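> Before anything else, here's the structure in question.
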Amino acid sequence: MFVNEVNDVKIYNLSAGKSVPDWLTDRRKRSQLMKKVDSRRQIELIQDFDMPGVCTSIRMSPDQQYILATGTYKPRVKCFEVSNLSIKFERCFDAEVTTFEVISDDYSKMVFLQCDRYVEIHAAHGRHYRLRIPRFGRDMKYHKPSCDMFIVGVGRDIFRLNLERGQFLQPLETDGSCLNACEVNPEHHLLIAGTKEGTVEAWDPRTKQRCSTLDVAMKLPGVKEFPSVTALKFRNGLHMGVGTASGHVLIYDIRAKQPLLVKNHLNRLPIKRLAFNPAQNAVYSLDEATLKLWDEQTGKQIAYVESTSSFNDFCTIPDTGMFFVAQEDVKMMTYYVPAMGPAPRWCSFLDNLTEEIESEVVENVYDDYQFVTAKELAELGMEHLVGSNLLKGYMHGYFMDARLYNKAKAVVEPFAFDRFRKDKVRQEIESERKSRLQIESKLPKVNKELALKIMDEQANPSNSAKQRNVPSLLEDSRFKAMFENADFEVNKSAEEYRLLAPVLNRLDKSKAKELKKRVEVAHVAELHADEAQQREESDNDEDLFGFEKSDGETKDDSGDEASSDDDDRREYVKEMKQAYKQVKRQREEEEELEEDEPQQDEISDIANRPQTNGHSQQPTTNGNRFTLTPLDQHQGSSLLQQRIKKASLQDRVKVMSQLEGQVTNVGRSLGNRQMTFEVNKQKKSQFHAKKREAEMKKHREERRSIVRPIKSLRLKKVNFK
């Protein structure tokens, strides 16, 4: 059982869950249900409540004891008895059923309209009679006082089949070119028919005369074409609902030509069926995509049900909150809405069951599969599975078995669960712990700057009243984790953020500039008002000249604004170039550091060599003496050179003797010290030369292994005689 909550109205899907394959034996089915937790929680309200392929229409018998449904393939009808919550019988047809009517209180008398122009009349034992109509039918309704079956379809005629006499009567001729739907009022038995041209014609079955014609298409707002009428339903003796092919539902009083209410489904799909719930003043309207429940007086939406496959038909159980939906799928869906009424008497246990069930949100459509992107797949080390049957390509990633994903995740991150558990414990402790000083702070713990920016925009007096009444993101539950979970914190050191920084700065500048411009415009308006007032008081020409001068100044101001816009654009381009240069420079530095790792290793080896005069391997520092610490060895030669420059000459000579070369005594009059060293460029060139030589050596070995030796070639002597 899945629960969906819309506008504080809970909708219980009693048919939700995974269907067990039909080819499994009963024993295997029971074992499957015992293994899976979701299957054990699934409620099978009516046993085998499904079709082999597709369900086309569904009805409830007038005594509310039997549910009848038609579907394919093979075309058939199934009858379910609610007292036993199981199937009672199943019959097959020669053609698909377009629609059908139950003309008795139970299943003993039924009429089926088929797609091959045949009408089948069934009794309790099976098919009683089969006849053919002149044209293809689309809908039919039974008129109890006269025992006439009205059939509409392709053409303007309403065919009358009298079931008491067993013969066709004179058809009723309408003004429409094609008829899509018909309905008989249960109180005064008025017959109405919906045409392709968007009109509804009313007929009196007693006199066989047309009473009136209602033009529905002319009352629809913003519709360019005339939509046809696709669904009709009476609420009582005076009110009726009309569904159109444009997705509109109109509520009419049959005494007036103006609709009481027009409801738009907003998806431009034909309305297939309508139903009323008089106890709750609600209307049910169905199209291919959704089933909507809305208020009859105001048109406000109460709840809705979205389809995973196309909806075909639905039926409600009177005075209850349960309804059944036929769809382009194997399952026939069962829904229960407690707000629309109680559960039926034959399943009254649902009222107690739904009180104990809390709302559930289904996040993953595929319960047994996990979606991973190409990057996540590389992190898991499973790139070699691309192209195999273990990965199913979908959009920008792949679907893989959830069990395989969990095993790979456990291998790559063995301590992920421990970290998750510690974070949860820490969050619980922090939530229960209260600080000694209770400070009321509106700022969240995460993304404080973003929260401040949102609060400033919300409190901006320049916003309109409509913008100020819009709920803030800080109060929206959908973005709650953004200001509480540290994983959603904005990382300003990231490369993507630094590339976007000029754009964000320009947006802030443009907002500040717009605010400044509004202030200046208000100030100029005040000045013009003062000047106009002075001009009215004195009719001096100097005032007029001064006013013209102010006009010239405003023109100059507009020119200054245009030039300032160009300056801002140049500045923006300059900032973008600087941002890209910084990112590029950082990438090059990281690459150089990766290349210099072997050189740093060599420098650290030289620095760690034992001295010849008996000192320790790493000199220590006392006072102001210089030392070569492990930090210098790891941070590179630039930091090391800065430390050397600050040291004394004696310490500098000792360190340089370790790093660059050896200091030896020579017998000269001008100096008795000699030091050998190498330049960094030479070291780099030597390093690259060695690397190149190793690559060439490897290349030659590969070529030697591929090229065939000359000895294997045998020369044959050729005689030219």
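> For the full complex of protein chains and a 1.4 angstrom probe, list 421, 206, 117 by accessible area with the highest value first.
Listed by decreasing accessible area, they come as 206, 421, 117.
> A follow-up question, please. For the range 2-360, what D do you get in µm² per second when you plug the Kirkwood radius from alpha-carbon pairs into Stokes-Einstein at 4 °C and 1.567 mPa s?
Values: Rh = 21.4 Å.
Taking Rh from Cα pairs, D becomes 61 µm²/s.
> Which of 392/581; 409/697; 375/492; 263/453 have a Cα-Cα distance over 31 Å?
Table pairs above 31 Å Cα-Cα are 392/581; 409/697; 263/453.
> Here's a follow-up. So how do 123-133, 372-382 stack up, highest first, on mean other-Cβ count within 10 Å? Let's see the in-between values first.
Details: 123-133: 12.0, 372-382: 15.0.
Descending packing order for the listed peptides: 372-382, 123-133.
> For residue 56, enumerate residues with amide H under 5 Å from its amide H, sequence gap 5+ or separate chain, H modeled in the peptide plane.
Residues meeting the amide H criterion: 70, 71, 72.
> When Lys and Arg each count +1 and Asp and Glu each count -1, what net charge do the other residues less than 12 Å away from residue 309, Cβ to Cβ, add up to?
Charge balance in the 12 Å sphere: -3.
> Please list the non-local residues whose amide H lies under 5 Å from the amide H of residue 312, H modeled 1.01 Å from N, same-chain partners needing a gap of 5 or more.
326, 327, 328
> Still on this model: Whole-Hz Karplus ³J(HN,Hα) for the range 91-99, in order, using 6.51 cos²θ - 1.76 cosθ + 1.60 and θ = phi - 60°, x for Gly and Pro?
Those phi angles translate into 10, 10, 10, 8, 8, 5, 8, 7, 7 Hz.
> Ok, one more. Under 14 Å from a point 7 Å along the Cα-to-Cβ line of residue 108: which residues of the range 55-90 have their amide N that close?
Those under the cut-off are 62-63.
> Distance check, please: which entries in 448/577; 78/109; 74/196 exceed 20 angstrom between their Cα atoms?
Numbers: 448/577 29 Å; 78/109 14 Å; 74/196 31 Å.
Checking Cα-Cα distances, 448/577; 74/196 exceed 20 Å.
> Let me ask another. Obtain the nm distance between the two label points defined at residue 63 and residue 403 by a simple spin-label model: each point lies 7 Å from its Cα along the Cα-to-C-beta direction.
The modelled label-to-label distance comes out at 5.0 nm.
> When all protein chains stay in place, what accessible area (Å², nearest 10, 1.4 Å probe) is found for residue 220?
The value for residue 220 is about 10 Å².
> Same structure again: Could you work out the local net charge near residue 299, counting Lys and Arg as +1, Asp and Glu as -1, over the other residues with Cβ closer than 12 Å to its Cβ?
Working: positive: 263, 292, 300; negative: 295, 296.
Net charge around residue 299: +1.
> Applying the Karplus parametrisation 6.51 cos²θ - 1.76 cosθ + 1.60 with θ = phi - 60° to the phi angles of the range 404-414, what ³J(HN,Hα) value in whole Hz is obtained for each residue in order, glycine and proline being reported as x?
My calculation for the range 404-414 gives 5, 5, 5, 5, 5, 5, 5, 6, 6, 10, x Hz in order.
> Using a 1.4 angstrom probe, figure out how much accessible area the range 369-412 has per residue, in square angstrom, rounded to the nearest whole. Intermediate values should be presented prior to the final figure.
On the way: 3100 Å² over 44 residues.
Normalised by residue count, the accessible surface of the range 369-412 is 71 Å².
> Now a separate question. Label residue 394 and residue 700 with points 7 Å out from Cα along Cα→Cβ: what is the distance between them in nm?
Reported label-point gap for residue 394 and residue 700 is 5.6 nm.
> What does the charge count near residue 111 come to, summing +1 for each Lys or Arg and -1 for each Asp or Glu among other residues with Cβ under 9 Å from its Cβ?
Net charge in that neighbourhood comes out at -1.
> Okay, moving on. With labels modelled as points extended 7 Å from the Cα through the Cβ direction, what inter-label distance (nm, one decimal) is found for residue 346 paired with residue 94?
My value for the distance between the label points is 3.2 nm.
> With a 1.4 Å probe and every protein chain left in place, tell me how much accessible area residue 262 has, in Å² to the nearest 10.
The accessible area of residue 262 comes to roughly 60 Å².
The values are calculated or read from the model by the stated rules, or taken from the named source; none is laboratory data. Just so you know, these numbers come straight off a predicted model, no measurement behind them. All Cβ positions, glycine included, derive from the backbone under ideal geometry; neighbour counts span all protein chains shown. Just the protein is used for accessible areas: all its heavy atoms, side chains included, with ligands, DNA and RNA removed. Shrake-Rupley method; radii C 1.70, N 1.55, O 1.52, S 1.80 Å.
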